[in-house]
Amino acid sequence: MSLTPRQLIERFEEAPTLPTGQDERFSGYGVMGLPFASGHVLAMRRFAMTSVGPGYTSIWHRSPRGQWMFYSTVSPRQGCPRYFGDIAADSIETEIRIRWTAPFRLTVVAPAVPLEWDIGVAATLATRLMNATGRLLPDAAWRNPGVLAAMAKMAGPLLGVGRIGLQGHVPNGQGFVANPRVVWSVTDSRAVLAGADLGPPGPVQPQAHLGDFWIPQRGMLAIGAAYFEAFDPVRHSSRTFQSQALDDAAADRDPSSVRPGAPAGPREGLSPPRRT
């Protein structure tokens, strides 16, 4: 009998591993993205291991007006805003909890946002086919541009998720490769954000994306790894939210002008990734 997503993820959390390499690497699982018919979009990442800092959990939210917010259990410079901050209205460090309530169901809670998000998943004929195909691929194929392009072209229509981007560039300029090794479809979900029910899941038009990373038009839970080009201050943006340059300039002039929760004075630059 095949293992449930809860079993697989709990096993991984007990003994996480990180791929080798010189780029910036992340290993874990997440809801790649879930659009709602109301126009809201949610995503979740739980990286148990990274090469740039401690493991962390992150929630992404896009409003119907297209405004992105990032919430994370670590400093924005050690999490997803490191790569997506150029399009983020804000990036906030806060508590996030994930709890599995059944073998195919999990709940994500961020008390300070506040957000309560319930997610049900299932294996389908399409996800079983994708997972079987993935098991046949050698590790080198998962970093091969031609193979990734072919997989993305096949997976989009097969899973009914629209366009998929397994490689490309993120808003801050770094190149990336995404390796969703095992996937399940989201069957149902309910999210309450700041007291408002986001309504039923459903595709958004146009399809949401962050640089070359496209949010699936149907929710997908995946276990896998992500690779990002090492930060280069000449070619890549160090912003973790859109107005950061103005915020840092204001802090230089008047430390009392810094937004709540931000450090007084200019923010530190990105440090080189910690190798593991």
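We did not get these values from a lab; they are worked out from the coordinates using the rules stated. Bear in mind that the values here come from a model prediction, so they are computed numbers and not experimental data. Please note: Cβ atoms are built from the backbone with ideal geometry, for glycine as well, and neighbour counts cover all protein chains shown.
Under 1.5 on a/c is rounded, so check that first for the stretch 139-184, then, if it is not, pick prolate when a/b is larger than b/c and oblate when it is not; a ≥ b ≥ c are the square roots of the alpha carbon gyration tensor eigenvalues. All intermediate terms of the calculation are to be shown ahead of the outcome.
On the way: a/c = 1.81, a/b = 1.29, b/c = 1.40.
Oblate.
What is the stretch 1-74 by shape, rounded, prolate or oblate, if you read a ≥ b ≥ c off the alpha carbon gyration tensor as root eigenvalues and call it rounded for a/c under 1.5, prolate for a/b larger than b/c, and oblate otherwise?
oblate
How big is the dipole moment of the stretch 5-228 about its Cα centre under a simple scheme where the beta carbon of each Lys and Arg is +1, that of each Asp and Glu is -1, and everything else is neutral? Debye, nearest 20, please.
Around 460 debye, computed over the stretch 5-228.
Go through (1) 1, 4, 8, 10, 11, 12, 12, 11, 10, 8, 6, 4, 2, 1, 0, 0; (2) 1, 6, 12, 17, 20, 18, 13, 7, 3, 2, 1, 0, 0; (3) 1, 4, 6, 7, 7, 8, 9, 9, 7, 6, 5, 4, 4, 4, 4, 4, 4, 2, 2, 1, 0, 0, 0 and flag the label whose value is the computed P(r) over Cα pairs in 5 Å bins from 0, in percent for this structure.
Label (2) holds the value from this structure.
Taking +1 at the Cβ of each Lys and Arg and -1 at the Cβ of each Asp and Glu, which of PHE104, PRO81, LEU8 sits farthest along the dipole of the stretch 1-122 towards its positive end, judged by Cα position relative to the Cα centre?
The listed residue farthest towards the positive side: PHE104.
Taking only C-alpha pairs under 8 Å that are 6+ residues apart, what is the relative contact order of the stretch 1-138 in percent?
Details: 227 pairs, mean separation 19.5, N = 138.
Contact order relative to length: 14 percent.
Sequence gap at least 6, Cα distance under 8 Å: using those rules, report the relative contact order of the stretch 79-136 to the nearest whole percent.
So the answer I get is 19 percent.
Taking the Cα atoms only, what angle lies between the long axis of helix 244-253 and the longest principal axis of the chain, rounded to 10 degrees?
20 degrees
What is the Cα centroid distance between the stretch 179-232 and the stretch 33-94, reported in whole angstrom?
11 Å
Could I have the simple spin-label model distance between LEU136 and ARG6, label points 7 Å from Cα toward Cβ, reported in nm to one decimal?
So the label points at LEU136 and ARG6 sit 3.3 nm apart.
Using Cα atoms only, what is the angle between the long axis of helix 5-14 and the major principal axis of the chain, expressed in degrees (0 to 90) to the nearest 10?
Long axis of 5-14 versus the principal axis of the chain: about 50 degrees.
Report, in deg cm²/dmol and to the nearest 500, the calculated mean residue ellipticity at 222 nm for the chain, where each DSSP H run with n ≥ 4 adds -39500 (n - 2.57) and the sum is divided by the residue count.
The helix-only estimate for the chain comes to -5500 deg cm²/dmol at 222 nm.
Relative contact order of the chain, please, whole-number percent, based on alpha carbon pairs below 8 angstrom and at least 6 residues apart.
23 percent
Counting DSSP beta bridges in the chain, what percent are antiparallel, to the nearest 5? Walk me through the numbers before you get to the answer.
On the way: 65 of 70 bridges.
Here the share of antiparallel DSSP bridges comes out near 95 percent.
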